[in-house]
1. Among the listed pairs Lys562/Lys609; Lys379/Lys505; Lys538/Lys669; Lys491/Lys688; Lys6/Lys379, which have their C-alpha atoms separated by more than 32 angstrom in this model?
2. Step through the residues of segment 582-599 one at a time and calculate ³J(HN,Hα) from phi using the Karplus curve (6.51 cos²θ - 1.76 cosθ + 1.60, θ = phi - 60°), rounding each to whole Hz and writing x for Gly and Pro.
3. Relative to the Cα centre, what is the charge dipole magnitude of segment 204-320, using +1 at the beta carbon of each Lys and Arg, -1 at the beta carbon of each Asp and Glu, and rounding to the nearest 20 debye?
4. Compute the whole-percent fraction of alpha carbon pairs in segment 1-159 spaced more than 24 Å apart.
5. Rounded to the nearest 10 Å², what accessible area does His511 show when all protein chains are kept and the probe is 1.4 Å?
6. Rounding to the nearest 20 debye, state how big the charge dipole of segment 666-780 is about its Cα centre with +1 on each Lys and Arg Cβ and -1 on each Asp and Glu Cβ.
7. For the chain, which longest stretch is free of loop sites, where a loop site is one of the trypsin sites (Lys or Arg not before Pro) that DSSP puts outside H, G, I, E and B and that has at most 10 other Cβ atoms within 10 Å?
8. If I model a spin label as a point 7 Å beyond the Cα along the Cα-Cβ vector, how far apart are those points for Thr416 and Lys609 in nm?
Amino acid sequence: MSSRNKRIGIDVGGSHVSAAIISKTGNGWSSAFTTKAILNSHNSAYHILTTLGNCIKTLPVKASEVEAVGIAFPGPFDYEKGISAVVGVGGKFEKTFGLHLMHAVKDITGLQQAALQFSNDAHCFATGAYHLLQLKSRRTIFITLGTGFGSAFMADGRLVYEHQDIPASGAFYDEPFNGAKADDIFSTRWILAKYKQLTGVNVTTVKELVESGNDEMIVVMNELGENLGQFLLPWLQKFSCDELIVGGNIAKAFHLFGPSLKKILGTAPTKINIMTCENTEDCIITGAAIIAGDVKPAHNKTAMRKTAQKLLPLTASQNDTGTYNIYPSFISGESVYQGFAGLAEQIAGEKLVIIDGYGGVLWDSFREKLHAELLRKNKTVFWYDVNTCLKTPDEIQAMIAANLNGDDPVFGKKYTGKLMDFFDEGKLHLISPDPSADICIIYGTGSALTGITGKLLYVDVPKNEIQFRMRAGSVTNLGAGRAADSVQIYKRFYFVDWPVLNKHKAQLLSHIDCIIDEQRINDITWMKGDAFRNALYKMLQQPFRARPWFEPGVWGGNWMKKHFPRLNQDVINYAWSFELITPENGIVIEGDKNLLEVSFDFLLFADNKKLLGKAAGRFGTAFPIRFDFLDTFDGGNLSVQCHPTPAYAKEHFGEDFTQDETYYILDCKNDASVYLGFQESIAPGEFKDALISAQENNIKMDVEKYVQKFTAHKHDLFLIPNGTIHASGMNNLVLEISSTPYIFTFKAYDWLRPGLNGQPRPINIEHAMDNLCFDRKGDYVPQKLISHPVTEAEWKDGRKINLPTHEEHFYSICRYEFTGSVQINTNDQCHICMLVQGKSVTVNAGDTNAVFQYAETFVIPAATGNYELVNAHDEKAFVVIAHVKDAYC
């Protein structure tokens, strides 16, 4: 049997702290010992914590005996995490604003193994009163009257936090009454102000007022009871309350305001029993201890990620399999470190540390692990959570509502503001690191916005990992309240969170002292800031690969499974490979065999001109071209779809350029096909009616009646400028070479199938009809939408083939077919390349070289200049290269 059979209950007030040992008895709960300490709530955080800690330490109980510690603390407060958000209460406890009090209390008391829970004092009062008063009521409402108006609700002895019959906030304090908030009416300040209004006399306490015994006092207290009755009656009836418990210091004057209160409540159709409780503090202390012991341990939380894909390995593999590498890395020549212990060593000598990072970081886990390492160094650490400075979820939602397009499952419009828009600037200034701590750490997404100067750490996490965490429910949007479904979370990520977080990241790059890859929550890797920037500058001048990631889909196939042996073979299929979709891909830096992944856009933020060359002026820090795979081998057809015109993409989605695509057929079966362009006889109205009928009546549509179908062959290039109807048929491995936007697919017909989750896939007939080019039909399609290769140059061991793209495409595509080697110059353009036939090629650039395998996408930055492709094998190598057309730079 565990020796931890005692609990500690604590009530933190504005002028003192009270604590007691609480034990379970046969009849309920009993208090064995009580201690008090004077507290100056306006003093420093260190003073408040020391007072609280000393009060606990005076209790005659060993740490090994303590099961749980419950602390009733004034709000606002993040009670779940134990973080103070106190503001606007006359300066009381404001020096603790943002401070992770749970960590600090555990450290200062040594009660690391006990459960510790901060709770609202009204909830503690309710819990304690229910047990100490041995209540039996079915529906109970508790109120405390003092410096503020506290309230709590119980059903069958259990606290009710959310219910249709209680206020939305779960409490009365912010409900309106007589043109003010209830907290302003049912509190000490109203009583004193009302008395002054009647008498012109200032009194400082309700006790002083009551002791005056004059007529004006009687009037004030009578009005208090009437007001309280008028406010409470509708709520008591709505909640079907059968018992009202009144506590708090003002309850001691119940004989003065109780009669007028009872008179009004007596009009209720069902009797409501009213009971006063004058031992409010005992109830609060007991209730705090009971609640703390009932908190479920953290290990019961849901899984952190939901995917069959493995995490990036901690170290680079030394086995060259000669096949597609799903974990490509760039050997930087810089040091990459691993582990929280080394990071703790890096910051142990600092007084102020800022840990900023991307949305989707698991901050609680990160903080706990780093804190444990700092404790091993005997450091007193105060952690300040910048999330306490965020605007309310309702304020944020109102601010971004126009960008979310209601409950549309896919489409919104890019938010053009900045990260600061999500924060209350006044609260940011309330973060006040306490110099008494060895180290003060301000942490969380946006922590650099506090303006506090300190060692700056930045925590990054890959976009695919963010989505895996999103699907598991372990992360949500910046400043969001209740978690939405993953579809809506992703939509907000794409259109709101990621744009502002990317701007913030770009601003911080030159100031970062340490960069951290947090995707492996137990084994981080990190680099020093200068080494990280050096690695980026090296990458910007030589060939490299982004890290691809892979997703199953309803039409997905098995080509990638068979050809990429390191992929998880247990996944149902692979529909997509995000080869180079830069808004979601990462780059992996290797140092000392350790691997660190950061987002691709760090390269653009470091020097977009080195990467994009002459195209940087047109595209800024937006990478213009993407490569990805669509695998339908033994799978199914893609949906019949189109993409928006540039003007439509700008107006409706806030995109600076649109989704112009091509299908390069890297491999296919003999029966493979591509749907492309309309039949000559197309009638737009008839086509729309057929789409709607199929959708509404679940009737299969004869697609070929409206859309042309072409046999696909290896190395064909199908051109899909915006507005073009198209779909890949089954049994293709499509290399999709496109402009970067990637979610703006208007599905017009999806073969009447649900998604892998069994739910209907979004169909966008109206969007499609607004953008389809019905003049791309008949002979126009094979003439203008299927590329006709032209030999541009020829030499003994090879040739360069131009694969002309459509006039709407801002990028060119060519193919080098060769044995031996070929010299190429970037001509100040970024080249995006893939070996589409052959075993491997080596790229020599200056004094560097890199080997790329079949089907691997690689990038040649514009700053590389001259480079050489070397094919060391007998069979011809085919390398496809895409870059921005000079006319679009």
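The values are calculated or read from the model by the stated rules, or taken from the named source; none is laboratory data. Owing to the predicted nature of the structure, the values given are computational and were not obtained by experimental measurement. Cβ atoms come from the backbone with ideal geometry, glycine included; neighbour counts cover every protein chain shown. Surface accessibility is based on the protein's heavy atoms, side chains included, excluding ligands, DNA and RNA. Shrake-Rupley method; radii C 1.70, N 1.55, O 1.52, S 1.80 Å.
1. Long pairs (Cα-Cα over 32 Å): Lys562/Lys609; Lys538/Lys669.
2. Once rounded to whole Hz, the list reads 4, x, 10, 8, x, 10, 10, 9, 9, x, 6, 6, 7, 10, 10, 10, 9, 5.
3. Taking the Cα centre of segment 204-320 as origin, the dipole is about 940 debye.
4. 34
5. Looks like 110 Å² after rounding.
6. Dipole size: approximately 280 debye.
7. Between the exposed loop sites, the longest stretch runs 483-699.
8. 2.6
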